[in-house]
Amino acid sequence: MARIVVKFGGTSVANVERIRQAARHVKREVEAGHEVAVVVSAMSGKTNELVGWVNEASALHDAREYDAVVASGEQVTAGLMAIVLSEMGIQSRSYAGWQVPIKTDDSHGAARITEIDPTELDSRMKAGWVPVITGFQGISPHNRVTTLGRGGSDTSAVAVAAAVGADRCDIYTDVDGVYTTDPRIVPKAQRMTKISFEEMLEMASLGAKVLMIRSVEMAMAYKVRLVVRSTFDDPDAPQLAPDGTPGVPGTLVCDEDEIMEKQIVSGVTLAKAEAKITLRDVKDNPGVAAAIFGTLADQGIVVDMIVQNIADDGATTDITFTVPDSEYDKAMRTLQSAGDRIEYARISGSKGGAKVSVVGVGMRSHAGVASSMFKALADKGINIQLITTSEIKTSVLIDEQYAELAVRALHTYYGLDKKDA
């Protein structure tokens, strides 16, 4: 018997029929003897609708009332899921975040979880009940409903799993696992049986959309094993792992120690619409980088890749970095208006870049991964504009027109097309 927290995203609970399908997955686990808690998102599109109503009511609204409205979407789903489970003969009760309670800070619209009291959930689960908890929300120190921002339901599920000591947290979504790259670009992309927290965190930050970064960070911090699997699989079908053996379908995201065979490269990611900005002949004084990137941060502009080149005389430096295409014009205006505080000779930039990355914990113990990546791209005639590396990833910025060619080339080069990759 295991203790499992299962989470269903918006597409998995888009209507009552899909809620019933999701509930069948819960019923299967309960009938197998497991203790189960459920975390749900709002129905697909409902949160955007609620946000639209708030903005229609007033462009300048109180963030506390915004949360009160937007949090209602998950309450509807939780209640409907509890009703459906009860109809199936499974004892169930819905819980809003404040009823658990899931305690957060006071940052309305982007709150962070500070504590979860597991007492109520623990007693219900031990008694054979299935608590259905609203994702994406909690309660502030001032007893106001808060919402957690983008990816909040995944984060809620991982936090609940950590609080109740779950053996794993199953994230049900509209894909059946984590793939070596986007199957829409590379049809031969393979579903992975296991991936480490660090690899998943890198892939999520580099463009993979399967899991949100915050939830992976929390899972890694609290050692909560995650399983990414599809709601749309037949709940009554034999439970088979990706390699065809009996087990849990989907991809297990776990500690590196659980992975026996570590691939040198586990996956290839792609992030399009990357803009490049270069500041030329910047005065190389202490604090200049802080001034540049602090100015951008004050405007809410997220910077990604950063490369600095010091001139031979050591007096000046060129600094190149990337931002999303959508932030390019704002970033250029911000830096041009800050010319009196940041001494540079000129500024240049362009939109239409793409960041392609290879990720793998095996890169720690294998030399030459970066150079082989560059060779694979050179063989296809693809020019590299920027390069950044970390212990388990190498990223390059290239022209967007070559993005998919690069992904396909690297996926094949590192042997990820093969079934046993």
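The values are calculated or read from the model by the stated rules, or taken from the named source; none is laboratory data. Please read all numbers here as calculations on a predicted model, not as lab measurements. All Cβ positions, glycine included, derive from the backbone under ideal geometry; neighbour counts span all protein chains shown. Surface areas here come from the heavy atoms of the whole protein model, side chains and all, with no ligands, DNA or RNA. Shrake-Rupley method; radii C 1.70, N 1.55, O 1.52, S 1.80 Å.
Structure notes:
- Options Val39, Ile392, Phe374, ranked by Cα towards positive dipole end of the chain, top entry (Cβ charges): Val39
- Within the same chain, aspartates and glutamates fewer than 8 places from Lys283 are excluded, and of the rest, those with a Cα less than 14 Å from its Cα are Asp312, Asp313, Asp318, Asp340, Glu343.
- Of the whole protein surface, Ser326 contributes about 110 Å² of accessible area at a 1.4 Å probe radius.
- Calculated P(r) tail over 20 Å for region 239-304, as whole % of Cα pairs: 61 percent
- Computed packing ranks the peptides 360-367, 178-185, 212-219 as 212-219, 178-185, 360-367, most packed first, by mean other Cβ atoms within 10 Å.
- Between region 145-165 and region 244-319, the C-alpha centres lie 26 angstrom from each other.
- Helices in the chain, meaning DSSP H runs of at least 4 residues, each add -39500 (n - 2.57). Divided by all residues, the mean residue ellipticity at 222 nm is -10000 deg cm²/dmol.
- 1.4 Å probe accessible area per residue over region 324-421, in Å²: 50 Å²
- In plain terms, the bigger the Kirkwood radius, the slower the diffusion; for the chain, with that radius from Cα pairs, at 25 °C and 0.890 mPa s, Stokes-Einstein puts D at 105 µm²/s.
- Rounded to the nearest 20 debye, the dipole size of region 142-232 about its Cα centre is 100 debye, using +1 on the Cβ of Lys and Arg and -1 on the Cβ of Asp and Glu.
- A 1.4 Å probe over all protein chains sorts Leu80, Leu335 by accessible area into Leu80, Leu335, starting with the largest.
- Other residues lying with their Cβ under 15 Å from the Cβ of Tyr95 contribute a combined charge of 0, Lys and Arg counting +1, Asp and Glu -1.
- Segments 267-273, 60-66 sorted - mean Cβ within 10 Å per residue, highest first: 267-273, 60-66
- Each Cα pair under 8 Å and six or more residues apart adds its separation to the average, and for the chain the resulting relative contact order is 14 percent.
- Heavy atoms of the protein chains alone define the surface here; on that basis region 91-202 has 40 Å² accessible area per residue at 1.4 Å probe size.
- Evaluated with a Cβ-only charge set (Lys, Arg +1; Asp, Glu -1), the chain carries a dipole of roughly 540 debye about its Cα centre, given to the nearest 20.
- Its Kirkwood hydrodynamic radius, worked out from the mean inverse distance over all distinct Cα pairs, puts region 63-135 at 13.2 Å.
- In a reduced charge model with +1 at each Lys and Arg Cβ and -1 at each Asp and Glu Cβ, region 114-269 shows a dipole moment near 360 debye about its Cα centre.
- Net charge of neighbours whose Cβ lies under 10 Å from the Cβ of Ile113, counting Lys and Arg as +1 and Asp and Glu as -1: +1
- Span per principal axis, largest first, for the Cα atoms of region 351-407 (Å): 34, 22, 16
- For the peptides 25-38, 290-303, the ranking by packing is 25-38, 290-303, with the highest mean count of neighbouring Cβ atoms within 10 Å listed first.
- Region 171-213 versus region 392-421: alpha-carbon centroid distance in Å: 14 Å
- Selected from Met192, Gly267, Leu50, residue furthest toward positive end of dipole (the chain; charges at beta carbon): Met192
- Residue by residue, region 127-140 carries 3J(HN,Hα) couplings of 7, x, 7, 10, x, 10, 10, 6, x, 6, 8, x, 9, 7 Hz when phi is fed to the Karplus relation 6.51 cos²θ - 1.76 cosθ + 1.60 (θ = phi - 60°); x denotes Gly or Pro.
- For the chain, the membrane-span-like helices by this rule, meaning whole DSSP H stretches whose C-alpha atoms cover at least 20 Å of axis and whose Kyte-Doolittle mean is 0.0 or above, are 72-87; this says nothing about an actual membrane.
- Summary value for region 98-159: 38 percent relative contact order, contacts being C-alpha pairs under 8 angstrom separated by 6+ residues.
- Cα centroid separation, region 346-381 to region 63-112 (Å): 43 Å
- Beta bridge orientation in the chain: antiparallel %, DSSP, nearest 5: 65 percent
- Database remark: amide H of Ser230 closer than 5 angstrom to the amide H of Thr173 (H placed geometrically; neighbours at sequence offset of 5 or more, or on other chains; Pro and chain starts carry no H).
- Accessible area of the chain belonging to carbon and sulfur atoms, whole % at 1.4 Å probe: 49 percent
- Coarse-grained scattering of region 100-156 at q = 0.16, 0.25 Å⁻¹, given as base-10 log I(q)/I(0) from a Debye sum over alpha-carbon atoms: -0.48, -0.93
- Charge context of Val178, other residues only, Cβ under 14 angstrom, K/R +1, D/E -1: -3
- Per-selection Kirkwood Rh - region 17-122 (Cα, Å, 1 d.p.): 15.5 Å
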